[in-house]
Amino acid sequence: MIVKMSRYDIVLFAEQSDDFLALLRQTGLVDITASGWEPTEQDRQLLTDIESYRKAVSWLETFAKSDSMRRDAKPYADGGEAYAAYVEAQQRKAALAGDAARLSKMADEIEPWGEFSAENGANLSRAGVVLRYFTAQTSAFDAVAEEWSGRYTVVEINRTSSTVYFVVAAAPDEEVSIDAQEIKAPAMDYRAARVEAAKAQASIAELDADFSRCAASVEAIRARLHELTVRMQNVKIRGTATEAADGSLIVMEGWAEKETSARVDALLDGYPNVVYIKEDPTPEDNTPVKLKNNRFARVFELIGSLYALPKYGTLDLTPFFAPFYMLFFAICLNDAGYGLVLLLAGLLLLKKGGASLKRAAWLTVICGGATALFGFFSNSFFGLSISKVPMFAGFHFINFQQDFFSISLALGVVQILLGLLINICMTTRLFGLRHALGTLGWFLLILSCCLASGLSLLNEAWVIPGFTMGSPAFLAMAGLGVVLMLFFNSPGKNIFVNFGSGLWNTYNNVTGLLSDVLSYIRLFAIGLSGGVLALVFNSLALGMTGLDGDLSASPWWAIALQVVGASIILLIGHGINLFMSTISSLVHPMRLTFVEFYKNAGFEMGTRSFEPLRNDDIK
């Protein structure tokens, strides 16, 4: 659900603002509006510094965990000094890395010319002999080498399958006219270039001492980052606050959760020279949004946040799409073995990932567990049939390939109907029932058709007595839906306008709903393709290694080699399939949620989340 908010208009002396904001950070309860802020050139530099400090902290934290970190490094006394040392060391490292790459590339390019002395070449030049360096294709060189040798002094230096490297000895002003690619004379031989490249790499390694001192000072750098961020927040708030009384007063807009607003009231009442007005948000306000759900739905807030938060005053759809998303993920992955792998990965992430990855870890655990359970009932374990295990021989498994095409469509209809019902309830709550009658008509018409004929398509025994196509109950329910959608779709307009609008909406809604329902076929298609690939990799592993043949005459060591080879193929094949199928299982249910479900549920997007000022927000 969306947490209820209280709005505060706060008036205080401008000179108090920094101290007042520092107090709000200590409480961590108030979000101060800072939208519409336009940074100055000085502010942009401050933003650049903050981002640079953040990158420095992240890089140094990673470096501190590496083997290059020297544990006895002495930290700097000041965070600014440590950051300056880090920047200087990074610049030196970048320059040295560029030199090393350039010299290594040069060594590779001049190695075909072999070992030579640049000094001897200079002595020859002073003596009136200039060496000109050429390359040519091997076939072209062989075809004209004799002709060139008749006109010039040509010496072949090296030869590969495709290229010949040669020099021409000529006088300083002599024109050499041959059909070959002339290159600049090397400044050194490849041995010297490699030595210089190695020296540059060694110098990079020596910088570990400087980086170790900076890493030992990472807390001081983080403290400096916090100071800069606090200053930036103050600048933004002061820049968007309204000035009054010739700039001596400022007016801030703040937000707090309604359940904690009494603590905010007490804080404001106790702060000197502060006047505030507290009221409930209006639809015109850009109210920040905070979600509060149960432990299960809270995990799926991570999925919803990838699209947008709901608008304040509407409905949080997370508890409604969470079970569907879990089920859709399981259908798409559709293998108990793959589900167990994800379940174990999620448990490992819970143990090793830290607090920042806790929600992602729980999402992996839930979706992996659901996939393992669904994969068992659909008779698949790494592409193998579970029913072939004697203890499960009498168990009734789902025939995915035969049954789930229609089940996928049925799940789509159920989720779309749920979306329409949510839309009806929200519209009724916000604007009154008469504005929801058109949508209610569509809901009744679709529901009546599904109950009368759709159930029997899934199972011939699923027939509601007295509610079939042509029965009075069906005709009454469907007729009511048609009347509502044709004549009550636009409150306040005359019946003819409503009828015309209803006819036009009928075409749009029929085509739209049909495409929405058909989109759910992707659940069946993705689940089927992953299962087929798993079978293919199993057959490939057994066929290529011969394990599917008669092994009675094979020695034990040959069978062992076959098993090793099959294991490698299975590991690579199922690893690829698990990776690709997991991505598909993550993305396509997300698409069904954000497009089909959100659209039919009337989802409205919020523009900002509730982010109260805190002292511990820089980590």
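Data overview
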{"quantity": "Per-residue [θ]222 nm for the chain (sum of -39500 (n - 2.57) over DSSP H runs n ≥ 4, rounded to 500)", "calculated": "-20000 deg cm²/dmol"}
{"quantity": "Bins of 10 Å, starting at 0 and running to the largest distance - Cα pair percent for segment 358-414", "calculated": "21, 38, 31, 10"}
{"quantity": "Counted charge near VAL167, where neighbours are those whose Cβ lies closer than 15 Å (Asp, Glu -1; Lys, Arg +1)", "calculated": "-1"}
{"quantity": "Within the accessible area of the chain (1.4 Å probe), percent carbon and sulfur", "calculated": "60"}
{"quantity": "Among LEU317, ALA525, ALA566 - extreme Cα towards positive end, dipole of the chain, charges at beta-carbon", "calculated": "LEU317"}
{"quantity": "Farthest toward positive dipole pole in the chain [+1 Lys/Arg, -1 Asp/Glu at C-beta], among GLN415, VAL195, ALA136", "calculated": "GLN415"}
{"quantity": "Structure-derived P(r) over Cα pairs in 20 Å bins from 0, in percent: which label, when the choices are [x] 16, 39, 33, 12, 1; [y] 19, 52, 26, 3, 0; [z] 13, 27, 31, 21, 7, 0", "calculated": "[z]"}
{"quantity": "Positive-end residue of GLY368, PHE467, THR153, charge dipole of the chain with Cβ unit charges", "calculated": "PHE467"}
{"quantity": "Degrees separating the helix 318-333 axis from the principal Cα axis of the chain, which is the longest one", "calculated": "50"}
{"quantity": "Filtered trypsin sites (Lys or Arg not before Pro), segment 45-102: DSSP coil and at most 12 other beta carbons within 10 Å", "calculated": "LYS65, ARG71"}
{"quantity": "In degrees, nearest ten, helix 495-519 long axis to first principal axis of the chain (Cα)", "calculated": "50"}
{"quantity": "Accessible area expressed per residue, segment 378-506, with surrounding protein chains retained (probe 1.4 Å, Å²)", "calculated": "57"}
{"quantity": "Semi-axis lengths, Å, segment 158-239, gyration tensor of Cα atoms, sqrt of 5 times eigenvalues", "calculated": "58, 21, 12"}
{"quantity": "Values of log10 I(q)/I(0), in the order q = 0.15, 0.17, 0.20 Å⁻¹, for segment 338-452 under a Debye, Cα-only, solvent-free model", "calculated": "-0.87, -0.91, -0.98"}
{"quantity": "Relative packing of peptides 605-613, 522-530, 145-153 - highest average C-beta neighbours within 10 Å first", "calculated": "522-530, 605-613, 145-153"}
{"quantity": "For HIS226, solvent-accessible area (1.4 Å; no DNA, RNA or ligand), Å²", "calculated": "40"}
{"quantity": "Nearest-20 debye value, segment 101-157 charge dipole, Cβ charges on Lys, Arg, Asp, Glu", "calculated": "320"}
{"quantity": "Degrees separating the helix 41-64 axis from the principal Cα axis of the chain, which is the longest one", "calculated": "70"}
{"quantity": "Convex hull projection area averaged over all views, segment 302-365, Cα basis, nm²", "calculated": "5.1"}
{"quantity": "q = 0.12, 0.14, 0.19, 0.22 Å⁻¹: log10 I(q)/I(0) that the Debye formula gives for segment 1-97, counting C-alpha atoms only", "calculated": "-0.71, -0.86, -1.11, -1.28"}
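The values are calculated or read from the model by the stated rules, or taken from the named source; none is laboratory data. Please read these numbers as outputs of a predicted model, since none were measured by experiment. For neighbour counting, all protein chains shown are included, and Cβ atoms are generated from backbone atoms with ideal geometry for every residue, glycine included. Just so you know, the surface numbers come from the protein's heavy atoms only, side chains and all, with ligands and any DNA or RNA stripped out. Shrake-Rupley method; radii C 1.70, N 1.55, O 1.52, S 1.80 Å.
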